[in-house]
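One structure below.
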Amino acid sequence: MKNMFIVHGYQAHTHSHWFQWLANKMKASDYEVEVIYLPDSNHPDIDRWHTALHNSMTHKLNSETLIVAHSLGVVSVLNYLSQLSQCPYIKGLFLVSGFNETLENLPELDYYINQTDVQLDRINAQHIVTIGSDYDSVVDIKATDRLSNALGTQTIHVTHHGHFLASDGYETFELLREQITTILNQKNSEIGI
C-alpha cells in the first residue's frame, strides 16, 4: 500500500505550515496520506505522542511507506521507529529541521527529548533525506547536520532565515516535494525493477 505519514512538531497541528499542501499533492500521486495529530503540541508528552504515532502507523508501515517529519516530530518519529520490536523497511524518511539532542534555545523540551531512546541503527529506510535551513533560529543547522551524519546522509542546506513555518513563507514546500518525487521516480535496484 502506498502511504505517507506527515508528523508535525512542537506548537504545530495538522493544518500548520505546508502539511496539508503536501498531503494534497501526494494524494494526487495515489498515496494514502495521514497528517498525524499529536495531542497538546504546546506541552508535548512522550507517552501521548508515542501512542498517537502507534495508533496511526501500527501495521501500516511497508516498503512503499514515506514518512515526513518536521522539527520535534523528527525525534518523535525516530524514537517511535527505534522502539518497534521489528522496524519495517520503509521507502523513505524525510526529515525537516531535524535533531536528536537537547537544544539550548528550547530548554522546555529537554524533559521530552531526554525521555527518548533513539537508536539510529534500528532505522530501516531505503532513502533518508534531511533538509535544514542555514539560518534556522529554532533548530541550529549544526544539530541537523549531526543527525544527518549519524544517519549516514548529508543535509540539504537551504539558504533561508527560518524554520520552514508558514510565518516564514512556507505554506508550500516545493523542494521537499521535489525530493520525494525524485525518490519515487527512481527504480529500485535492490529488486531489479
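Just to be sure, is Gln179 exposed (fewer than 14 other Cβ atoms within 10 Å of the Cβ) and touching a residue at least 24 places away in the same chain (Cβ under 8 Å)?
Criteria not met by Gln179.
What's the number of the condition Lys60 fails, among (1) modelled with pLDDT of 95 or more; (2) touching a helix residue (DSSP H, G or I) at 6+ places or on another chain (Cβ under 7 Å); (3) open to solvent by 20 Å² or more (accessible area, probe 1.4 Å)?
For Lys60, the exception is condition (2).
Looking at (1) within 15 Å of the chain's Cα centre (by Cα); (2) over 23 Å from Phe164 (Cα atoms); (3) among the aliphatic types (A, V, I, L, M), which one does Leu84 not meet, given that it meets all the others?
Failed condition: (1).
Kindly evaluate Ile113 against the criterion of being of a type in the set (A, V, I, L, M) and either open to solvent by 70 Å² or more (accessible area, probe 1.4 Å) or within 19 Å of Ser41 (Cβ to Cβ) (or both).
yes
Need at least 2 residues that are within 22 Å of Ile36 (Cα to Cα) per element, so show me which strands (runs of 3 or more DSSP E) inside region 77-193 make the cut, counting only ones lying wholly within it.
In region 77-193, the matching strands (runs of 3 or more DSSP E) lie at 90-96, 125-135.
Return the pairs, sorted by first residue and then second, in which the second residue is part of a strand (DSSP E or B) and open to solvent by 30 Å² or more (accessible area, probe 1.4 Å), the first residue lies in region 146-157 and is free of Cβ contacts under 8 Å to residues at least 60 places away in the same chain, the beta carbons are less than 6 Å apart, and the residues are 6+ apart or on different chains.
So the pair list comes out as Leu151/Ile128; Thr153/Ile128; His157/Asp134.
Each row is one residue, and each column tells you yes or no for (1) exposed (fewer than 15 other Cβ atoms within 10 Å of the Cβ); (2) more than 14 Å from the chain's Cα centre (by Cα); (3) not in a strand (DSSP E or B).
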{"position": "Ile6", "(1), (2), (3)": "no, no, no"}
{"position": "His15", "(1), (2), (3)": "yes, yes, yes"}
{"position": "Gln20", "(1), (2), (3)": "no, yes, yes"}
{"position": "Met26", "(1), (2), (3)": "no, yes, yes"}
{"position": "Ser29", "(1), (2), (3)": "yes, yes, yes"}
{"position": "Asn42", "(1), (2), (3)": "yes, yes, yes"}
{"position": "Asn55", "(1), (2), (3)": "yes, yes, yes"}
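Exactly one of these conditions fails for Gln115: (1) more than 22 Å from Trp49 (Cβ to Cβ); (2) polar (S, T, N, Q); (3) at pLDDT 95 or above. Give me its number.
Every listed condition holds for Gln115 apart from (1).
Quick check: is even one residue across region 64-71 touching a residue at least 24 places away in the same chain (Cβ under 8 Å) and more than 22 Å from Asp30 (Cα to Cα)?
Our first condition is that a residue be touching a residue at least 24 places away in the same chain (Cβ under 8 Å); within region 64-71, this holds for 64-71.
Subsequent filtering for residues that are more than 22 Å from Asp30 (Cα to Cα) retains 70-71.
Yes - at least one qualifying residue is present in region 64-71.
The values are calculated or read from the model by the stated rules, or taken from the named source; none is laboratory data. Predicted, not measured: the structure shown is a model, and the values here were computed from it. A quick note on method: Cβ atoms are made from the backbone with ideal geometry, for glycine too, and the neighbour counts reach across all protein chains shown. Side chains are part of the model used for accessible areas, which takes the heavy atoms of the whole protein and leaves out ligands, DNA and RNA. Shrake-Rupley method; radii C 1.70, N 1.55, O 1.52, S 1.80 Å.
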